[in-house]
1. Which residues does a label at residue 70 reach in the range 188-226, if reach means a backbone N under 16 Å from a point 7 Å past the Cα toward the Cβ?
2. Using r as the Cβ-Cβ distance of residue 34 and residue 251, and R0 as 25 Å, what FRET efficiency do you calculate, to the nearest 0.05?
3. If you stretched the chain out fully between residue 79 and residue 58, how much longer would it get, using 0.36 nm times the residue separation minus the C-alpha to C-alpha distance?
4. Over the range 2-102, what is the relative contact order in whole percent, taking alpha-carbon pairs under 8 Å and six or more residues apart?
5. Once you have the Cα-Cα distance between residue 259 and residue 212, take 0.36 nm times their residue separation minus that, and quote the gain in nm to one decimal.
6. For the residue pair residue 162 and residue 49, what label-to-label distance in nm results when each label sits 7 Å from Cα along the Cα-to-beta-carbon direction?
7. Output wanted: per-residue J couplings in Hz (rounded whole) for the range 46-58, from phi through Karplus 6.51 cos²θ - 1.76 cosθ + 1.60, θ = phi - 60°, x for Gly and Pro.
8. Convert each backbone phi in the range 234-240 into a coupling constant with the Karplus relation 6.51 cos²θ - 1.76 cosθ + 1.60 (shift: θ = phi - 60°), then list the ³J(HN,Hα) values in order as whole Hz, x for Gly and Pro.
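What follows draws every value from the coordinates through simple rules; no lab data is involved. Because the structure is predicted, anything quoted here is derived from the model rather than measured. FYI the Cβ positions are ideal-geometry reconstructions off the backbone, even for glycines, and counts take in every protein chain you see.
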Amino acid sequence: MTTVAEIAAFLDEFAPARLAEEWDNVGLLVGRPRGSVARVMTCLTVTPATTAEAVREKADLVVTHHPMPFRAARRLTDQDPAGVMLLDLIAAGIGVYSPHTAFDSAPQGINQRLAEGLRLRGIAPLVPADEGLGTGRWGWLADEITLAALGDRVKSFLAIDRIGRVGDSKKPIRAVAVGCGAAGSLLGAARAAGCDALVLGETSLHTCLEAEATGVGLILAGHFHSERFAVEALAQVLADQFPTLHVWPSRTESDPIQWQ
């Protein structure tokens, strides 16, 4: 029998909580550590659709990238969407674990996988922390390419059709920084590292204007797409580590933004 505590211990080793940002809420957020687990679903976010899927498919544990709950709640009722989802999960005996920013920064976490997927060399943390780890990643391309070609590489790796781009499409790119999700705060670190471009999920208009003014190209893949691929990979990591479990990435989860 595999317990919630055993899976939580593995996930904390895979994406140590000490790597999480101070404001984050990571770890086992809902559930009984001694509870038994046979079925695990991974997802990017706990939503009405993923909650319904977890209940319908009789999951024992949901490993969600984005925490649920994210902040301390004073009330847990069915008068708001978050309360409904948490009550439904609790009623079905489903635990919730979130690695969030610890997974972003882990040795085999989202940013590392994104940097490797873009075929960067000499990959290192963009904002170093301890033991050679840290926030974001950056590295070099084997050969100089254009910003437009970098965008095509991002689309190919993430299997998406559209991206946002800030900067001249013909701008030469050699050093590249990456930051999944809403990573506009990494622009300064990318500039300090001498990066020609920053690949991220999303950011504000003002950050886009700052990047344009300072000559750093941006490739915006969308928050969902910059992270969802790694949630699918995490399902395989868990399946390999716990072969007796049935593990799957959510089949109903989708980007709430419709790209045209």
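1. 201-204, 223-225
2. E between residue 34 and residue 251, to the nearest 0.05, is 0.30.
3. Values: separation 21, 0.36 × 21 = 7.56 nm, distance 2.47 nm.
Taking 0.36 nm per residue and subtracting the Cα distance, the gain is 5.1 nm.
4. 40 percent
5. 14.6 nm
6. According to this spin-label approximation, the distance is 1.6 nm.
7. 6, 10, x, 5, 6, 5, 4, 5, 4, 5, 4, 8, 6
8. Rounded to whole hertz, the list is 5, 4, 5, 4, 5, 5, 5.
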